[in-house]
Amino acid sequence: NELKWYWTEPQQGNFNYRDADEMLDLCKSHGIETRGHCIFWEVESTVQSWVRSLNNNDLMSAVQNRLNGLLSRYKGKFSHYDVNNEMLHGSFYQGRLGKDIRANMFKTANQLDPSATLFVNDYHVEDGCDTKSCPEGYIEHILGLQEQGAPVGGIGIQGHIDNPVGPITNSALDKLGILGLPIWFTELDVSSVNEYVRADDLEVMLREAFAHPAVDGIMLWGFWELFMSRDNAHLVNAEGDVNEAGKRYLALRKEWSSHAHGHVNEQGEYTFRGFHGTYDVLIVTSSKRTTKSIVVDKGESPLVVPISL
């Protein structure tokens with residue numbers, strides 16, 4: 001929440017970037033990539049009172065100031081931005097400032113920080129339980145933004161799940177994948193009072209997401225019981241114990257990690273099949289040990305990494 005407008009400017013002209021700065025510093029020190037969530041939030045109940053009270057001219061100026069202030073301050077520091085959160089479920093800015101405002105938010109954000117991928121982000125897209133955010137409606141929404149010139153670069157599916165159905169989720173991903181944009185589960189949490197059921201349901205969602213070629217990433221929306229936005233969705237209990245859902249998550253992480261080892265062939269080559277991700281390669285000869293870090297990305301062709309000894 002610490003980058004949301006109501007947090008960084010709770011009263012007009014009273015800015016608080018300290019919390020976001022500290023979190024960024026923490027992530028940077030641990031090599032953790034960060035997403036910018038979110039520049040605006042289209043649902044009126046989430047808009048701070050001073051913003052709602054502005055007349056339309058002043059509101060337009062405030063929107064521009066928000067874009068300039070945030071994007072200039074953090075230029076190059078966030079790999080993604082959720083530009084205007086939950087546009088399928090709210091219409092505050094569009095209702096006040098007209099149809100073009102949403103696309104203009106994307107255009108301006110792109111001008112201020114071209115390095116960031118700009119996302120739409122919404123909920124209940126993947127579970128078939130909300131007529132406002134079915135995959136077909138999301139596709140129409142994204143195409144509409146693109147027709148207005150908005151540089152939409154990614155599709156955010158929040159993933160607040162109660163009863164996951166794998167085939168429904170997979171079907172939604174297939175439909176959205178037609179757009180050719182990277183899909184991220186941006187706020188995944190799975191709720192069930194029974195932690196064993198929660199573990200099973202979390203595994204369904206993680207396997208569907210990890211296996212689908214259009215999905216580029218998954219972010220969990222918290223893990224600790226005392227700091228979750230939804231009840232019965234935590235992976236770690238209040239006392240610090242990893243519960244069954246957390247154990248299932250760790251087991252999947254282990255399953256999806258590659259630990260290949262062996263000897264080079266007569267040509268001095270060693271080959272293996274592995275999951276996408278970062279690898280630490282250790283080569284041991286009779287006289288020395290050499291290490292190298294490599295990254296395996298998506299692609300059809302084998303990755304060839306030369307290492308000089």
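The values are calculated or read from the model by the stated rules, or taken from the named source; none is laboratory data. Values in this document were obtained by computation on a predicted structure and should not be read as measured data. FYI the Cβ positions are ideal-geometry reconstructions off the backbone, even for glycines, and counts take in every protein chain you see. We work out accessible area using only protein heavy atoms, side chains counted, and drop any ligands, DNA or RNA first. Shrake-Rupley method; radii C 1.70, N 1.55, O 1.52, S 1.80 Å.
Return the only residue of Gln111, Gln94, Gln64 being free of Cβ contacts under 8 Å to residues at least 40 places away in the same chain, surrounded by fewer than 18 Cβ atoms within 10 Å (Cβ to Cβ) and assigned by the TED database to the domain that holds Pro135. It is Gln111.
If you check Leu59, Leu145, Leu112, which single one turns out to be under 30 Å from Leu206 (Cα atoms) and of a type in the set (A, V, I, L, M)? The unique qualifying residue is Leu145. None of Pro167, Pro135 is of a type outside the set (D, E, K, R) and surrounded by fewer than 17 Cβ atoms within 10 Å (Cβ to Cβ) except Pro167. Under the condition of being of a type in the set (Lys, Arg) and outside any loop (DSSP other than H, G, I, E, B), which residue from region 264-307 is surrounded by the most Cβ atoms within 10 Å (Cβ to Cβ)? Here the residue is Lys292. Scanning region 21-47 for residues that are under 30 Å from Ser293 (Cα atoms) and either open to solvent by less than 20 Å² (accessible area, probe 1.4 Å) or in contact with a helix residue (DSSP H, G or I) (Cβ under 6 Å, 6 or more places away or on another chain) (or both) yields Thr34, Gly36.
Taken as a whole, the structure leaves Gly240 outside the set of residues that are in a loop (DSSP other than H, G, I, E, B), on the phi > 0 side of the Ramachandran plot and not assigned by the TED database to the domain that holds Arg35. Scanning region 181-217 for residues that are hydroxyl-bearing (Ser, Thr, Tyr) and without any contact (Cβ under 8 Å) to a residue 60 or more places away in the chain gives Ser191, Ser192, Tyr196.
Pairs meeting the criteria (first residue in region 165-180 and under 17 Å from Leu206 (Cβ atoms) and assigned by the TED database to the domain that holds Arg198, second residue at pLDDT 95 or above and open to solvent by 70 Å² or more (accessible area, probe 1.4 Å), beta carbons under 8 Å, at least 6 apart or on different chains) are Gly166/Arg207.
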